[in-house]
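Taken together, the values in this text are just the output of simple stated rules run on the coordinates, not laboratory data. Bear in mind the structure is a predicted one, so any value in this text is a computation, not a measurement. Because the Cβ atoms are built from the backbone with ideal geometry, glycine has one as well, and the counts that use them run over all protein chains shown.
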Amino acid sequence: MFQQYETAKADFLAIEPRFQSDVMETLSRTGFDEAEAEITAWEGYKSTSIFDLAGLADTLGLKAVYYKHEGPRFGLGSFKALGGAYAVLRCIQRELSDTQGRKITVEEIRNGHFASQISAMTIISATDGNHGRSVAWGAQMFGAKCRIYIHAEVSAFRADAMQNLGAEVVRINGDYDETVAQTRIDSEEFGWRIVSDTSWPGYCLPPLDVMAGYGVMAREIVQQLPEPPTHVFLQGGVGGLAASVNAAFHQEWDKAAPRSIVVEPELAPCLFASAKAGAPTSVKIEEETLMAGLSCGEPSQIAWQILENSVHGFMTIPETLVAPAVQMLAKGQSGDCGIEAGESAVAGLIGLICGATSPSLRDEMKLDSESRVLIVGSEGVTDPNLFRAILRNHD
Ligand SMILES: Cc1ncc(COP(=O)(O)O)c(C=O)c1O
């Protein structure tokens, strides 16, 4: 049934994480608490569902497979809704506090005290789609101007979604990493504020806020599951999602936290390369992966530090499995309900199937009939045209 996965070339590198407490605390409980208090008060907040994929678990010889479905998140299609918008608010708050010479509260921002100052601010960000949508939404919600930088391959549908939230969308000649570089140049020149989901030396506050926002999702999972899973498979772009989830799980579950495996496209393996080198390492994107949200060549510095302390294995997966996995999930496997998800959402699922169906990987990953595995379905159908084409082409 999973022949394609069994014969696919999935690279895996096992690591023994150290969980150094000072590094794990980079994402502090207080930071997660503040983000949770703010985001869960926003209009439209609702915890997303976890699906019990019992048919898939049975077929793979596992005890349970849980799928957290982030498609409905705030109507924006992905877990990224939690991070960028919250980081925009914090960025505005910091900027106002600087200019006013005192700590400005979120309440003052919300009740319109500083509306004219905020309307003069410009927030900028680079994106493959989902982070930019969240930033645009946050800028609109709190009243700032917004410019979003995208590369040539980001689909027109995803660009429109950001424009519809009031952002000016700027297409850059180059890949994701070059769009990030352009935001750095323009912020220097024009005094615009970058709200990035990735960090670099000297730039870490907004990415930390972004990751604190993702903690809302991690804490929902802690509430929703009957007991901690034994494994979690997390897709990696710059590493923010995996770092946040690992830090939050470690805080909530301590030693019972699951073994964490990070899964990346073979075309954008910057975290895998970093694990191999033992230090943050960039890779050149030669070709864009179908998993647009994961097409990142440079790891987030701050996320990387948490990952090297909390990940048990890094993995790359081949492109050929993406469309079949989207299709399989949409149809439902062995009696499971169908779930409509985007290309970047299925990387963890692919990693799990490759791992569970290969005797050597199964052994290395410590997967067996007692394993309870969590997958984070990080996006729903964020580009319906692409989704329809995938289903059509693989029927
Ligand atoms: C749907 C989706 N999943 C996963 C990721 C990876 O997140 P990170 O870049 O924080 O590793 C992204 C990033 O944009 C994404 O859009």
- Query: Using a cut-off of 19 Å between alpha-carbon atoms, which lysines can reach K255, once sequence neighbours fewer than 8 places away in the same chain are excluded?
  - Reply: K366
- Among GluC sites (Glu not before Pro) in the range 1-56, those in a DSSP loop whose Cβ has at most 11 other Cβ atoms within 10 Å are E43
- Note on the structure: With 0.36 nm assigned to each residue of separation and the Cα-Cα distance removed, T105 to E287 gains 61.1 nm
- Mean projected area (nm²) of the alpha-carbon convex hull when the range 84-196 is viewed from all directions: 6.4
- Item | Among 175-187, 255-267, the order from most to least packed when residues are scored by Cβ within 10 Å on average | 255-267, 175-187
- Message: For a test of the definition: using alpha carbon positions, the gyration tensor, and the 1.5 limit on a/c, classify the range 280-395 as rounded, prolate or oblate.
- Response: oblate
- From zero up to wherever the largest Cα-Cα distance of the range 276-341 sits, split into 5 Å bins and tell me the percent of pairs in each. 4, 12, 18, 18, 16, 15, 11, 6, 1
- Task: Take the alpha carbon gyration tensor of the chain, find the square roots of its eigenvalues, order them as a ≥ b ≥ c, and report rounded if a/c is under 1.5; if not, report prolate when a/b exceeds b/c, else oblate.
- Result: prolate
- Note on the structure: Output ordering of 229-239, 112-122 (per-residue mean of other Cβ within 10 Å, highest first) is 229-239, 112-122
- Message: Pairs of alpha-carbon atoms within less than 8 angstrom and 6+ residues apart define the contacts here; what relative contact order does the chain have, in percent?
- Response: 24
- Message: Using a Cα-Cα cut-off of under 14 Å, which aspartates and glutamates could be cross-linked to K63, ignoring same-chain neighbours fewer than 8 residues away?
- Response: D52, E227, D368, E370
